[in-house]
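The values are calculated or read from the model by the stated rules, or taken from the named source; none is laboratory data. Predicted model, so just to flag it, every value in this text is computed and none were measured. Neighbour counts are summed over all protein chains in view; Cβ atoms, including those assigned to glycine, are modelled from backbone coordinates with ideal geometry. Accessible surface is based on the protein model in full, side chains and every heavy atom, while ligands, DNA and RNA are left aside. Shrake-Rupley method; radii C 1.70, N 1.55, O 1.52, S 1.80 Å.
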Amino acid sequence: MRVEIFPPDSDTDPRHWVRHDQAFAMMLGRGSIEWGSKRSALEKFDYAEGDLALCHRHEGEWVGLMNVPHLQLGISDAALMAGSDGAYGEVELRPSRKFADARLSALVAAARAEMVAGFPSGRLFLDSVEQAMAVALVQDHAVRHRPAQIYRGGLGSARLRRIKELVHAKMEDDLSLDEMAQSAGLSTAHFARMFRKSTGETPHQFVLRQRVERAQAMLRAPDARVLDVAMACGFRTQQHFAQVFRDACRVSPTEYRRILLAPKRLARRKPAQKIRHVW
């Protein structure tokens with residue numbers, strides 16, 4: 001998925017906004033954009049912060065004067081096809097110059113926060129966001145729409161075991177949603193739904209939990225450096241590791257190790273500090 005911020009343009013010649021991937025934008029402020037299906041016929045649309053715009057998939061949209069900053073996201077054809085569960089050989093979305101969608105807005109905000117942070121969560125997080133965006137776009141904006149198929153049950157124990165083995169084998173790598181789905185022999189969209197039904201977690205949440213569990217085990221060693229633990233558990237930066245670890249355990253990695261290595265001293269402290277274990 002492409003995630004790009006575009007600052008306001010001054011007076012420019014009309015140009016194509018997108019040609020290949022489906023793209024949509026969330027406005028980051030107030031302003032206007034001139035849109036049109038033809039270079040010679042542009043229409044001005046006024047936007048407020050948070051408004052969304054979805055352009056045409058194949059022909060592209062001609063864009064003239066643009067004086068509003070916006071976040072542009074490109075959704076791949078593969079993600080859209082997965083979002084339709086293979087219902088269509090090709091997914092066509094209705095262009096919409098201006099619309100509101102709370103679910104898409106929340107997903108865009110998550111992608112923007114990830115970009116601002118320097119993409120610390122890796123491919124799996126953006127893959128998951130892209131897949132959720134694709135499902136929302138297909139459900140609400142597809143020209144040809146078929147109700148999503150309802151699957152019963154979940155993933156079997158053998159598939160879950162293969163997935164867990166893959167996650168542990170590639171803990172240090174930038175694991176993708178496609179890799180996890182392929183290990184289960186399923187399409188990306190079907191896998192994501194079945195995985196959550198089976199575990200109660202999204203694939204990204206599951207991988208994060210596995211990484212934190214490994215980190216907890218490694219932090220029991222008094223000579224383990226926090227940075228080394230972060231890298232061994234698949235976190236790109238020590239800061240991101242500390243944030244995820246604190247969210248899961250209520251304490252920082254350094255505090256977690258200190259508490260484990262000095263239980264008697266901490267037991268005399270009142271009130272006692274609580275640690276949440278994720279296993």
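Being part of a loop (DSSP other than H, G, I, E, B), closer than 23 Å to Glu201 by Cβ and modelled with pLDDT under 90 is a description that applies to Arg236.
Residue check: is Gln182 open to solvent by less than 10 Å² (accessible area, probe 1.4 Å) and either polar (S, T, N, Q) or touching a residue at least 60 places away in the same chain (Cβ under 8 Å) (or both)? Considered against the rule, which asks whether it is open to solvent by less than 10 Å² (accessible area, probe 1.4 Å) and either polar (S, T, N, Q) or touching a residue at least 60 places away in the same chain (Cβ under 8 Å) (or both), Gln182 comes out as no. Of the residues making up segment 189-210, just one is without any contact (Cβ under 8 Å) to a residue 24 or more places away in the chain, part of a loop (DSSP other than H, G, I, E, B) and under 17 Å from the mean Cα position of the chain (by Cα), namely Glu201. Looking across segment 252-279, the residues that are at pLDDT below 90, surrounded by 14 or more Cβ atoms within 10 Å (Cβ to Cβ) and not in a helix (DSSP H, G or I) come down to Ile275, Val278. Looking at Leu227, is it at pLDDT below 90 and farther than 21 Å from Leu126 by Cβ? Spelling it out, it is not the case that Leu227 is at pLDDT below 90 and farther than 21 Å from Leu126 by Cβ. Across segment 139-161, the qualifying residues are those that are modelled with pLDDT of 85 or more and surrounded by 15 or more Cβ atoms within 10 Å (Cβ to Cβ), and the one among them that is nearest to the chain's Cα centre (by Cα) is Leu160. When Leu227, Leu186, Leu166, Leu175 are screened for being part of a helix (DSSP H, G or I) and under 22 Å from the mean Cα position of the chain (by Cα), only Leu166 passes.
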